[in-house]
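Note sheet for the following structure.
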Amino acid sequence: MSRFYITTAIDYVNSRPHLGTAYEKIAADVIARYKRLRGIETRFMMGNDEHSQNVFQRAGELGVEPLAFCDDMERAFRDVWARLDISFDDFIRTTEARHRTGVTALASRLTEAGDVYEGYFEGWYCVSCEAFKTEKDLEDGNCPVHRKPPQWIKEKNHFFRLSKYRQRLLDHYAAHPEFLEPEIRRNEMLRLLESGLDDISMSRTGQAWGIPVPSDPGSVIYVWFDALINYISGVGYGADDALFETWWPADLHVIGKDITRFHCVIWPAMLMSAGVPLPRRVFGHGWVHWQGQKMSKSLGTVVDPLEAADRLGPDPLRLYLTKEIAFGQDGDFTWDRFEERYNVDLANNFGNLVSRLASMAHRYREGRLTAPPSSPGPLAEAAVGAVAAYREAMDAFALHGGVAAAFQLVDAANEYIAAVEPWVTARDPARAAELDRQLYDVSEAVRIAAVLLTPVMPRSCREVLARVGAPADGADLNLDRDGVWATPPGAERRVVKGDPLWPRLDPGRAAADGGAAAQRKVSPPRKVVGRKVRVAADADTGVQRREQRTMNDSERRAVDEAPPAAAATPPLTEVDGATAAASGGAAAVAGTGTAEVAEAAHETPRISIDEFAKVELRVGRVVTAEAVRKSKKLVRLEIDDGAGVRQVVAGIARAYEPESLVGRHVVFVANLQPARLMGIESNGMVLAALDAEGQPVLLRPDDPERAPAGSAIR
Ligand code: ME8
């Protein structure tokens, strides 16, 4: 069996993880889980970097022993990683005995190789970076990363002959172009190597917090030398040869771009000196930005990853970071964007697909789906394409591309439902096998999408797989076996209904509350400024020809389901004159319509244009639709009104399957006062014409591209 050893940077523990450091662990976790999904034996190691001066100082400020402080921080870090579902196999601390053994062994090898000598260092040192700086590294005298002045230090140090390895490093880069990715980082390192290398300090004097230099116990190993060695001490270097042989060289070091030089110049040179093979690859990811700056504890620009995970769940956070930030580049985090993507990708897209499938499977097949003996439909092809694109992207560490490929399949399944209209197929008993095929194919597409997304959203995908009747834990899945389209004739699947996996949020609320816990509710209608309906005063516009008419029996039944105490806002019934004439009338079939309508259309008094102008009519797009429980007529809709999403209850269930409504455009009254129907708040009224039987026929714009959600109607 092939193996994969993956590591992340080990974190300084002077403060808790933030979303930037968590991003790295999530990305590495996605890669590790993907490798396991591929059936590759994987070892994923992370850990804590404890011998930093910052850690020592922080412990001093708190009046505790540094080791006791590190013990506490380990618990805090492990807690965060557990809550983000980071599946590491090993967690190393640089204060552990196994690490000390590895550091001592490697430092001795460098000395034996003649690559260590004593000298004096005088220059700048940034404690936050734990790095020596030259004048040209500084910006206005400050460390460019931490935006504060470094310290000037002068001390006796042990030096490592880094300069000796310049050419060998260049040769290695030439022979192994894959050694450092992405390319921009490789080019940076090549420029650095080409400009020449100085020897570097590998020890600090006057400090007790650290691992003593073997030949000079009065000095400690410089924290970066110490830290880098974790990658080999974690797999038994200097202590357990069998373990070391099994796992080293590492297949991938995942690190932030700010520490590329340590990993791609100093670390390989140390290994060359010690005669240890180099890691196969290093990936230098970008930064998570917050308000235009690197998220950084020393800059104080941090978001707590637990707050983000608590708000919408760890999986939506993992998805956001993986999908929205091209791996290798910088990316922004904002609460608004996080919530927006949650709504778009999860509530409206993937989650909605799972709900639609479950409700159709139960409505038409009591939850049992059977694959019929006919050839697979077009979704099979979409799945094959998505799996191939996913593999290619994930193998190249283009995690965002892998997720996008999985979502292509989700989109294809939603489009397929819209195209084949299973609710129409279901009306014709002669098309039973076709309906079986349609539903089974959708369930298969959902299953495969869940398999592909398992590395990113392990918990949710487990739930999705259970709901589509293919229960499996991530650990049981194998891409070669489970990422293949399979609808063997006669195969059965039991689809399970459940609460929405990702209830839709009111977008825009997050920024306002500055990060409080999520309230999962649908928005009340928004006040739309400057978008009032204007009605042309021209008699030829048709406005004067529009009529109001009485509610017929069917409409009355619909609104009669409302509790008697419902608000009594007079609904205005209004449609385009031509449509109304062709379909025999027009009706308010929904919404706050619990009140009386003037009797007898022809006796209805005419209204002035000013009165009509009080009514705000708009185009909306149905985002979700579900039957209202215990009602034969009402459907609960969530409608994108161009400024947000509002809930409207409509009396159209006899004429429309809820699933058929998703994605379609409707015309609605936007400024009705809210009212309750069957206990559900309704914020507006959807308009429909009525056919000869009095059934509603929904209105929609002739060209939704030109009149999208939010367009005013005059
Ligand atoms: O550098 N966005 O530790 P650290 C993305 N102990 N990644 C970020 C980030 C951000 N805003 N901020 C930090 C150290 N990181 C050393 C590593 S390894 C032998 C020693 C990344 O706690 C950062 O680039 O400062 C690094 O890869 C990791 O988080 C830990 O940062």
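Could you say whether any residue in segment 82-103 is open to solvent by less than 10 Å² (accessible area, probe 1.4 Å), closer than 30 Å to Ala406 by Cβ, among the hydrophobic types (A, V, I, L, M, F, W, C) and out of contact with any strand residue (DSSP E or B) (no Cβ under 7 Å at 6 or more places or on another chain)? The answer is yes; a qualifying residue exists.
Inclusion of Glu130 among residues that are at positive phi and touching a Phe, Trp or Tyr at 6+ places or on another chain (Cβ under 9 Å) is warranted. Tell me, yes or no, whether segment 77-93 has at least one residue that is within 21 Å of His158 (Cα to Cα), modelled with pLDDT of 95 or more and of a type in the set (S, T, N, Q). So far as segment 77-93 goes, no, none of its residues is within 21 Å of His158 (Cα to Cα), modelled with pLDDT of 95 or more and of a type in the set (S, T, N, Q). Selection of first residues in segment 367-396 that are over 20 Å from Lys35 (Cα atoms) and of second residues that are among the basic types (Lys, Arg) and loosely packed, with under 14 Cβ neighbours inside 10 Å, restricted to Cβ pairs under 9 Å at least 6 apart or on distinct chains, gives the following pairs, ordered by first then second residue: Gly367/Lys497. In summary, Asp198 fulfils each of the numbered conditions (1) part of a loop (DSSP other than H, G, I, E, B); (2) closer than 30 Å to Asp330 by Cβ; (3) open to solvent by less than 20 Å² (accessible area, probe 1.4 Å) with the single exception of condition (3). Would segment 361-374 turn up any residue that is of a type in the set (A, V, I, L, M), farther than 22 Å from Ser443 by Cα and surrounded by fewer than 23 Cβ atoms within 10 Å (Cβ to Cβ)? The answer is no; no qualifying residue exists. Taking strands (runs of 3 or more DSSP E) as the structural unit, those lying wholly within segment 1-108 and holding at least 2 residues that are among the hydrophobic types (A, V, I, L, M, F, W, C) and within 13 Å of the ligand (Cβ to nearest atom) correspond to 41-49.
Exactly one residue out of Ala472, Ala430, Ala419 is more than 21 Å from the chain's Cα centre (by Cα), surrounded by fewer than 18 Cβ atoms within 10 Å (Cβ to Cβ) and within 28 Å of Ala28 (Cβ to Cβ), and it is Ala472.
Going through (1) open to solvent by less than 50 Å² (accessible area, probe 1.4 Å); (2) over 26 Å from Asp29 (Cα atoms); (3) in contact with a Lys or Arg (Cβ under 8 Å, 6 or more places away or on another chain); (4) among the charged types (D, E, K, R) one by one, Glu122 falls short only on (1).
The single condition from (1) open to solvent by 30 Å² or more (accessible area, probe 1.4 Å); (2) in contact with a Phe, Trp or Tyr (Cβ under 9 Å, 6 or more places away or on another chain) that Val410 fails is (1). Pairs, please: C-beta under 8 Å, at least 6 apart or cross-chain, first residue aromatic (Phe, Trp, Tyr) and in segment 163-190, second assigned to a strand (DSSP E or B)? Close Cβ pairs (under 8 Å, with a partner that is assigned to a strand (DSSP E or B)) amount to Tyr173/Leu180; Phe179/Val282. Among the residues of segment 294-324, the ones that are more than 15 Å from Thr21 (Cβ to Cβ) and not hydrophobic (A, V, I, L, M, F, W, C) come to 10 in all.
Restricting attention to segment 125-145, report how many residues are in contact with a strand residue (DSSP E or B) (Cβ under 6 Å, 6 or more places away or on another chain), open to solvent by 20 Å² or more (accessible area, probe 1.4 Å) and not hydrophobic (A, V, I, L, M, F, W, C). It would help to see each step written out before you state the result.
To start, the set of residues in segment 125-145 that are in contact with a strand residue (DSSP E or B) (Cβ under 6 Å, 6 or more places away or on another chain) comprises 125-126, 132-133, 143.
Among the residues that remain, those that are also open to solvent by 20 Å² or more (accessible area, probe 1.4 Å) are: 132-133.
Filter once more, so that each one left must be not hydrophobic (A, V, I, L, M, F, W, C): 133.
Residues meeting the conditions: 1.
I'd like the residue in segment 660-695 that is assigned to a strand (DSSP E or B), over 19 Å from Asp641 (Cα atoms) and open to solvent by less than 10 Å² (accessible area, probe 1.4 Å) and, out of all such residues, is modelled with the lowest pLDDT. So that I can check it myself, show each step before the final result.
Start the filter on segment 660-695 by keeping residues that are assigned to a strand (DSSP E or B), which leaves 665-669, 675-677, 680-682, 685-690.
Those still in the list that are over 19 Å from Asp641 (Cα atoms) too: 676-677, 689-690.
Filter again for open to solvent by less than 10 Å² (accessible area, probe 1.4 Å), leaving 677, 689-690.
Details: Leu677: 88, Ala689: 90, Leu690: 85.
Going through the qualifying residues, I end up with Leu690.
Of the residues making up segment 201-210, those that are within 16 Å of the ligand (Cβ to nearest atom) and in contact with a Ser or Thr (Cβ under 9 Å, 6 or more places away or on another chain) are Arg204, Trp209, Gly210. With respect to Asp258, determine if the residue is more than 14 Å from the ligand (Cβ to nearest atom) and either among the acidic types (Asp, Glu) or touching a Phe, Trp or Tyr at 6+ places or on another chain (Cβ under 7 Å) (or both). Answer is no for this residue. Here segment 123-136 is the region considered, the condition is being more than 17 Å from Phe160 (Cβ to Cβ) and more than 16 Å from the ligand (Cβ to nearest atom), and the residue that is modelled with the highest pLDDT is Trp124.
Filter segment 211-231 down to the residues that are away from the ligand (no atom under 11 Å from the Cβ) and outside any strand (DSSP E or B), then identify the one that is nearest to the chain's Cα centre (by Cα). Only one residue fits best here, namely Tyr222.
The values are calculated or read from the model by the stated rules, or taken from the named source; none is laboratory data. A quick note: this is a predicted structure, and the numbers were derived from the prediction, not measured. Ideal geometry is used to build each Cβ from the backbone, glycine not excepted, and the neighbour counts take in all protein chains shown. What goes into the accessible areas is simple: the full protein's heavy atoms, side chains included, and nothing from ligands, DNA or RNA. Shrake-Rupley method; radii C 1.70, N 1.55, O 1.52, S 1.80 Å.
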